[in-house]
1. Could you list, in sequence order, the residues of segment 186-216 that are touching a Pro at 6+ places or on another chain (Cβ under 9 Å), buried (at least 20 other Cβ atoms within 10 Å of the Cβ) and part of a loop (DSSP other than H, G, I, E, B)?
2. Would you mind telling me which numbered condition in (1) closer than 21 Å to Val152 by Cα; (2) not assigned by TED's automatic domain parsing to the domain that holds Ala170 Ala55 fails?
3. Which of the residues that make up segment 55-72 are over 22 Å from Ala208 (Cβ atoms) and not in a loop (DSSP other than H, G, I, E, B)?
4. Based on this model, can you work out whether Arg159 counts as under 16 Å from Pro141 (Cβ atoms) and of a type outside the set (A, V, I, L, M)?
5. Take the conditions in the same structural domain as Pro158 (by TED's automatic domain parsing), touching an Asp or Glu at 6+ places or on another chain (Cβ under 8 Å) and under 30 Å from Pro194 (Cα atoms) and apply them to Arg117. Does it pass?
6. Any residue in segment 134-151 that is of a type in the set (A, V, I, L, M), crowded, with 16+ Cβ neighbours inside 10 Å, in contact with a Ser or Thr (Cβ under 9 Å, 6 or more places away or on another chain) and in a strand (DSSP E or B)?
7. Of the residues Leu113, Leu106, which single one is in contact with a helix residue (DSSP H, G or I) (Cβ under 6 Å, 6 or more places away or on another chain) and crowded, with 16+ Cβ neighbours inside 10 Å?
8. Scan segment 136-154 and give yes if some residue there is under 25 Å from Cys231 (Cα atoms) and among the basic types (Lys, Arg), otherwise no.
Amino acid sequence: MELIAARPLADRAVTFELATRVGPEAAARVGAAQARLAGLLEAGELPGALELSRAFCSITLHYDPLRGRQADLVARVRAALEDTAPAAHADGRLWRLPCCYEGEDLDDLAARLELSREEIAVRHAETVHEVYAIGFLPGLPFMGELPEGFSVPRRTSPRTRVPQGSVAIANGLTVIYPFESPGGWHIVGRCPVPLFDTERATPALLAAGDRVRFDPVARNEFDRIGAALDCGDIDPASFAEAAR
């Protein structure tokens, strides 16, 4: 795998650029690099390395400068990635998350895309969304790709309050807001499953490399699932269908 660039972040981290465009190819390259470097880190073959963090097109390696030299780490990573092939497919879990497709922006999207509200919901739910990265808010997944013709720019006037659980689209991607937050994406629905909980061993429910399919549910079913999740009758982890 070709490394595009190694960009030092002061004396405690290095970002390795692996792709230039967000998408499935970048996700495959980043996923393979993360798996390879995580193995080397666990085996102690990256002196001074502390942890890895993954983004859309890059991997950042954090290290202790008193235990390892930046130049040595960069050289080791370059050598390791030379014989690493991009992942053939996402290796994370498959999630089936309920979604009530009654989003505030469906009428506007229907006019833009020349589709009915129902067609938008059906096509969005039929798509397998790969989690490319987690960011902006704790546990928020950036997922792609949207069906052909579904890419719309962000709203010209962002909302100051986007409800928790909102499923929204923009720039060819889908997100789920784990908390109420400002946001400029187009809301197509709501998901009742909590995506971030500090009481869990791993607070973020989803991870880069996971895949998500949305199961359309009516408002009464959305409310029922939400109430069951709130009182602990449903475990959020139960929405994970499989791993490969």
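The values are calculated or read from the model by the stated rules, or taken from the named source; none is laboratory data. Keep in mind it's a predicted model, so treat the numbers as computed, not measured. Note: ideal-geometry Cβ built from the backbone for every residue, glycine included; neighbour counts use all protein chains shown.
1. The answer is Cys191, Pro192, Val193, Leu195, Leu205, Leu206, Ala208, Asp210.
2. (1)
3. Within segment 55-72, Gln70, Ala71, Asp72 meet the criteria.
4. no
5. Considered against the rule, which asks whether it is in the same structural domain as Pro158 (by TED's automatic domain parsing), touching an Asp or Glu at 6+ places or on another chain (Cβ under 8 Å) and under 30 Å from Pro194 (Cα atoms), Arg117 comes out as yes.
6. The answer is yes, given that some residue of segment 134-151 is of a type in the set (A, V, I, L, M), crowded, with 16+ Cβ neighbours inside 10 Å, in contact with a Ser or Thr (Cβ under 9 Å, 6 or more places away or on another chain) and in a strand (DSSP E or B).
7. After ruling out the rest, the residue left standing is Leu106.
8. Within segment 136-154, none of the residues are under 25 Å from Cys231 (Cα atoms) and among the basic types (Lys, Arg).
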